[in-house]
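Report on one structure; see the data block that follows.
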Amino acid sequence: MIATLQQQVNTMLLQQQGSRVEVARPQVFNGRMEEVSVFINAARIYIRMKMMEEAAMTQVAWVLSYVQGGVAEAWKDNLMDELAKGESEVESVEQLFTKIRNNFGETSEEERKIEQLRTIEQENRTCDEYIQEFKKVTRGSGYEGRPLIEEFKRGLSGVIRRKLAEAEESPTTIGEW
């Protein structure tokens, strides 16, 4: 009996101390794929530190209040309508996080790498800087051989591409490039 009371007092003290701890709130989430994990992690930390005693639907509503702007605003409006009509269920904040991740998150690391590979360009970088960035993006993309060479060439600056095209012998492997 005494041990139970001590445990209850300790729990109450921890809850009071937790409420005094400063915890950053998440940034507003507007649907950008690269911000999904950051948003979910920040919201999860805040809820654990400040809102654990709140009802599940209060936590869900709080997270949704940070979903604003861009495509995320329309998604939130649709979800709210579906919830009101009983067409969708969100019984916990973790279910909401899953919905957010499924709607806005990356489908796979390989797909993200492929997208980066298809859009990387030398721009104002030196050749060495471009090569290092290209190697970094290439890892995990699944690209190799001729397709990899073509993506590398595509990203080079126009001046360098022309000079290489005019060369007597064109490189034939990614290592030679």
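For the chain, the longest principal axis of the C-alpha atoms and the axis of helix 109-119 are separated by about 40°. Scattering from segment 109-166 was approximated by placing one identical point on each alpha carbon and applying the Debye formula without solvent; log10 I(q)/I(0) at 0.13, 0.29, 0.31 1/Å stands at -0.30, -1.25, -1.35.
Once the Cα-Cα distance is subtracted from the 0.36 nm per residue extended length, the Val71 to Glu121 segment shows a gain of 15.3 nm. Estimated translational diffusion coefficient (Stokes-Einstein, Kirkwood radius over Cα pairs, 20 °C, 1.002 mPa s) of the chain: 104 µm² per second.
Among Gln122, Gln59, Gln132, determine the one that fluctuates most according to a GNM of the chain built with springs between C-alpha atoms less than 10 Å apart. Highest fluctuation among the options: Gln132. Computed from Cα atoms, the angle from the helix 93-104 axis to the main principal axis of the chain rounds to 20 degrees. Between Glu123, Glu166, Glu89, the residue with the greatest mean-square fluctuation in the GNM of the chain (Cα pairs under 10 Å linked by springs) is Glu166. Where in the chain is the longest stretch that carries no trypsin sites (Lys or Arg not before Pro) classed as loop by DSSP and with at most 16 other Cβ atoms within 10 Å? In short, 33-124. Picking from Val159, Val36, Val23, which is most flexible by a Gaussian network model of the chain using Cα springs under 10 Å? Between Val159, Val36, Val23, it is Val159 that shows the largest mean-square fluctuation. Sequence-distant contacts, meaning Cα pairs under 8 Å at least 6 residues apart, place the relative contact order of the chain at 17 percent. Helix 127-138 and the longest principal axis of the C-alpha atoms of the chain enclose an angle of approximately 50°.
Values in this text are rule-based calculations from the coordinates and carry no lab data. This is a predicted model, so every value here is computed, not measured. Reconstructed Cβ throughout: ideal geometry from the backbone, glycine too, with neighbour counts over all protein chains shown.
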